[in-house]
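Trainee: Before I ask anything, let me first share the structure, which is written out below as structure tokens.
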Amino acid sequence: MILADDMGYSDPGCFGGEISTPNIDQLAKEGVRMTHFYNGGMCVVSRASMLTGRWWPNALPNFRDTRLLPERLHESGYRSALIGKWHLDGHPMDRGFDHFFGFLSGFADHFAGARSYRLDRKPFTDFGDNYYSSDALSDRAIQFIDDATKQAPAAPFFLYLSYQAPHNPLQAPRDDIMQYRGKYAAGWQAIREARFRRQKEMGLVAADAVLPSYPQNLPKWESLSEEQRDLEDLRMSVFAAMVQRMDRGIGRVMQSIRDNGRGDNTLVLLLSDNGTDSFSVVDQAMLKMGRLPGDPGSNWQPGTGWAYASVTPWRMYKIGQHAGGVTTGAVAWWPGNTGDPGRIESRAVHMVDVLPTCLQAIGKQANDVAGESFLPVLREEAWQRQHPIYFQYMDNRAIRTDRWTLAEVDAAGWQLFDNQNDPLETTDLAAAKPEVVNELSANWSKWWCDESGDSAYVPQSTRNSPHYRPQGDRGSGVRYTPSAMPQRLSDRYPKP
């Protein structure tokens with residue numbers, strides 16, 4: 001299980017992106033791209049559901065008392081490791097993982113690490129001058145695969161490779177950044193439209209599809225000053241470099257699987273835990289410190305403009321429960337078990353389904369979870385989802401059925417979309433179909449009360465958060481104001 005952190009749906013090349021991701025693309029060419037693989041819109045939400053098989057309002061409060069995927073696999077003789085980000089309660093080695101290298105907290109400096117880094121149970125501080133998170137995590141993953149094969153060549157293993165990239169801080173090796181510097185000078189709308197064209201050519205979206213209207217809270221690229229465009233180009237150049245570097249690591253890990261003779265009998269799921277981060281809450285603090293995107297010790301985020309490009313063709317971003325916040329560009333690779341190589345799969349699945357799917361793949365059942373095994377989907381067999389898919393984070397929520405999506409952003413009221421005729425969520429039908437809104441709303445409310453134990457839904461507002469802002473694109477969101485490149489720092493990453 002390879003989990004990217006905050007990578008947008010269209011960032012890899014196989015989902016329309018211009019970023020160099022030949023190894024992810026190769027997995028897609030040999031496996032299956034899943035176009036409607038849903039996450040929880042937020043890292044801790046997605047991870048809790050993925051490892052427990054339960055909806056997050058139940059999974060997080062009961063996390064310590066719920067058997068996790070590695071604990072269940074351990075019962076079948078699996079050796080397991082978590083390499084990378086944990087960001088859940090407790091220590092992973094108390095929850096079925098035999099080995100751990102990474103950090104317990106939500107994020108860390110990509111060059112200097114963090115105090116929560118551990119090697120198994122001991123604090124890890126050996127970062128050195130050449131440390132970079134994606135490289136180090138890939139190295140440790142390869143070491144685990146090598147060691148597991150040498151110690152027990154016939155025994156199965158489970159590797160949860162949880163990269164931090166491209167989560168903030170936006171940091172990457174300078175040479176990688178400079179490969180992209182200047183390539184985003186055309187702006188986020190141009191990048192989004194180019195990705196959309198490639199998605200049409202690939203068959204990921206319909207040939208006659210139309211992008212949702214431009215966000216009301218995002219300024220047009222043409223209105224920005226030269227200094228704002230310069231800093232925005234650098235911001236996305238670093239983001240792209242992070243994705244590219246992670247892809248290189250994925251390629252090395254896959255080569256290790258093949259070199260160890262595991263290539264014919266390994267299921268690989270490549271996912272992202274949520275949509276791209278649209279926030280940029282510490283820009284001015286970083287500039288006062290003289291730190292730019294890419295710098296060690298900095299903590300820049302992608303911002304709304306590039307999040308808008310990264311989630312193409314969808315609307316909304318991380319923490320939102322519209323499609324851009326909760327749709328993963330997923331790849332499943334399992335030689336001989338995913339139908340025709342390179343096929344595109346559009347049936348809807350969710351992170352909550354991962355646990356029962358993995359268990360069914362080894363001949364086990366999980367009857368005590370909310371998720372539904374999508375093993376038949378991977379094998380290109382008949383399958384019908386039995387229940388709607390539910391979403392919630394702060395004052396954002398949604399429910400999705402085969403026909404309808406009912407979604408809310410910033411507690412601004414329900415919006416209703418026809419999944420069959422309007423999959424990109426362009427036209428709100430809530431006023432025209434109140435009976436559908438009422439039915440789905442009642443369904444969602446019952447789910448919330450059942451799963452959370454609350455008697456009513458009382459959301460936490462993003463307006464009161466130091467980390468987030470209202471992000472709605474049709475009137476409720478706070479307007480994005482791009483920062484400008486200071487003259488004194490303009491030669492640090494010069495455009496070609």
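Derivation of every value follows stated rules applied to the coordinates shown; laboratory data play no part. A quick note: this is a predicted structure, and the numbers were derived from the prediction, not measured. Using ideal geometry, Cβ is built from the backbone for each residue, glycine included, and neighbour counts are taken over all protein chains shown.
Trainee: Which FRET efficiency, nearest 0.05, do ALA185 and GLN255 yield, Cβ-Cβ r, R0 35 Å? All intermediate terms of the calculation are to be shown ahead of the outcome.
Mentor: Numbers: r = 35 Å, r/R0 = 1.00.
The computed FRET efficiency comes out at 0.50.
Trainee: Listed highest first by mean packing, meaning other Cβ atoms within 10 Å per residue, what order do 400-408, 463-471 come in? Present the calculation step by step, with values, prior to reporting the outcome.
Mentor: Values: 400-408: 20.6, 463-471: 15.8.
In descending order of packing, they fall as 400-408, 463-471.
Trainee: Another question about this same structure. 5 Å is the cut-off here: which amide hydrogens, built 1.01 Å from N in the peptide plane, fall below it relative to GLU345, excluding neighbours closer than 5 in sequence?
Mentor: ARG33, MET34, THR35
Trainee: Lys/Arg Cβ at +1, Asp/Glu Cβ at -1, dipole of segment 171-281 taken about the Cα centre: which of VAL281, GLY187, VAL238 is farthest positive-ward?
Mentor: VAL238
Trainee: At a temperature of 25 °C and a viscosity of 0.890 mPa s, determine how fast segment 339-406 diffuses translationally according to Stokes-Einstein, using the Kirkwood radius over alpha-carbon pairs as Rh; express D in µm²/s, rounded to the nearest whole number. Let's see the in-between values first.
Mentor: Working: Rh = 13.4 Å.
Approximately 183 µm²/s, per Stokes-Einstein.
Trainee: Would you work out the relative contact order for the chain, in percent, from Cα pairs under 8 angstrom that are 6 or more residues apart?
Mentor: Working: 1066 pairs, mean separation 118.2, N = 496.
In percent, rounded to a whole number, it is 24.
Trainee: Once fully extended, how much extra length lies between GLN420 and SER223, figured as 0.36 nm per residue of separation less the alpha-carbon to alpha-carbon distance?
Mentor: Details: separation 197, 0.36 × 197 = 70.92 nm, distance 3.60 nm.
Value of the extension gain: 67.3 nm.
Trainee: If segment 357-496 were replaced by its equivalent ellipsoid, with semi-axes equal to the square roots of 5 times the Cα gyration tensor eigenvalues, what would those be, largest first, whole Å? Show your work: numbers first, answer last.
Mentor: Details: eigenvalues 246, 120, 65 Å².
One finds semi-axes of 35, 25, 18 Å for segment 357-496.
Trainee: Shifting gears a bit: How big is the gap, in Å, between the Cα center of segment 461-480 and the Cα center of segment 128-173?
Mentor: Comparing the Cα centres of segment 461-480 and segment 128-173, I get a distance of 35 Å.
Trainee: In square nanometres, what is the average projected area of the Cα convex hull of segment 381-447?
Mentor: Numbers: hull surface 21.1 nm².
Result: 5.3 nm².
Trainee: If one computes P(r) from the Cα atoms of the chain, what percent of pairs lie at distances over 36 Å?
Mentor: Details: 31240 of 122760 pairs.
The calculated P(r) of the chain puts 25 percent of pairs beyond 36 Å.
Trainee: Now, a different point. Run the dipole for the chain about the Cα centre, Lys and Arg Cβ at +1, Asp and Glu Cβ at -1, nothing else charged, and hand back the magnitude in debye, nearest 20.
Mentor: I would put it at about 480 debye.
Trainee: So, one more: According to a simple spin-label model (label point 7 Å from Cα along Cα-to-Cβ), what is the distance in nm between GLN360 and ARG403?
Mentor: 2.5 nm
Trainee: Write down the Kirkwood hydrodynamic radius of segment 175-307, to one decimal in angstroms, obtained as one divided by the mean of 1/r over all alpha carbon pairs.
Mentor: Working: mean 1/r = 0.0573 Å⁻¹.
Evaluated over segment 175-307, this radius sits at 17.4 Å.
Trainee: Suppose we keep just the alpha-carbon trace of segment 1-117; what are its Rg and Dmax in angstrom?
Mentor: Computed over the Cα atoms of segment 1-117, radius of gyration and Dmax are 15.8, 43 Å.
Trainee: Hey, what's the Kirkwood Rh for segment 161-208 if you take every pair of different alpha carbons, in angstrom?
Mentor: Its Kirkwood hydrodynamic radius stands at 13.4 Å.
Trainee: What number of lysine-lysine pairs in the chain show an alpha-carbon separation below 27 angstrom, given a sequence spacing of 8 or more or placement on distinct chains?
Mentor: The result is 21.
Trainee: Let me ask something additional. Mean 1/r over all different Cα pairs, inverted: what Kirkwood radius does segment 91-217 give, in Å? It would help to have the intermediate numbers written out before the result.
Mentor: Details: mean 1/r = 0.0544 Å⁻¹.
Evaluated on segment 91-217, it is 18.4 Å.
Trainee: May I ask for the net charge around THR312, where only other residues with Cβ less than 14 Å from the Cβ of THR312 are counted and Lys, Arg are +1 while Asp, Glu are -1?
Mentor: Details: positive: ARG192, ARG195, ARG197, ARG198, LYS200, ARG315; negative: ASP11, GLU18, GLU193, GLU201, GLU425, ASP473.
In short, 0.
Trainee: When Lys and Arg each count +1 and Asp and Glu each count -1, what net charge do the other residues less than 14 Å away from GLN244, Cβ to Cβ, add up to? Display every interim value, and only then the final one.
Mentor: Numbers: positive: ARG174, ARG181, LYS183, ARG245, ARG248, ARG252; negative: ASP11, GLU18, ASP25, ASP135, ASP175, ASP176, ASP247.
Combined, the nearby Lys, Arg, Asp and Glu give -1.
Trainee: How much length would be gained if the chain were fully extended between MET289 and SER461, taking 0.36 nm per residue of separation minus their Cα-Cα distance, in nm to one decimal?
Mentor: Details: separation 172, 0.36 × 172 = 61.92 nm, distance 3.01 nm.
Separation in residues times 0.36 nm, less the Cα-Cα distance, equals 58.9 nm.
Trainee: Just going by the charge dipole of segment 110-155, with Lys and Arg at +1 and Asp and Glu at -1 on Cβ, which of GLN143, ALA155, GLY128 is farthest out on the positive end?
Mentor: Towards the positive end, the residue furthest out is ALA155.
Trainee: Long-range amide H contacts for ALA165: which residues qualify at under 5 Å (H placed 1.01 Å from N, peptide plane, sequence gap of 5 or more or a different chain)?
Mentor: ASP5
Trainee: Would you calculate, for the chain, the mean residue ellipticity at 222 nm contributed by helices, counting each DSSP H stretch of 4 or more residues as -39,500 (n - 2.57) and dividing by all residues, to the nearest 500?
Mentor: On the way: 14 runs with 153 residues, N = 496.
My calculation for the chain gives -9500 deg cm²/dmol from helical runs alone.
Trainee: Compute the label zone of ARG488 within segment 281-315: residues whose backbone N is under 20 Å from the point 7 Å along Cα-to-Cβ.
Mentor: 282-300
Trainee: Distances over 13 Å make up what percent of all Cα-Cα pairs in segment 1-42? Show your work: numbers first, answer last.
Mentor: Working: 505 of 861 pairs.
Tail of P(r) above 13 Å: 59 percent of Cα pairs.
Trainee: Restricting everything to alpha-carbon atoms, can you work out Rg to Rh for segment 261-361 with a Kirkwood hydrodynamic radius? Please list the in-between numbers first.
Mentor: On the way: Rg = 18.3 Å, Rh = 16.4 Å.
Ratio value, two decimals: 1.11.
Trainee: Taking 2.2 N^0.38 Å as the expected size of a compact globular protein, what ratio does the Cα radius of gyration of segment 419-496 give against it, to two decimals?
Mentor: Values: Rg = 20.9 Å, N = 78, 2.2 N^0.38 = 11.5 Å.
Output field value: 1.81.
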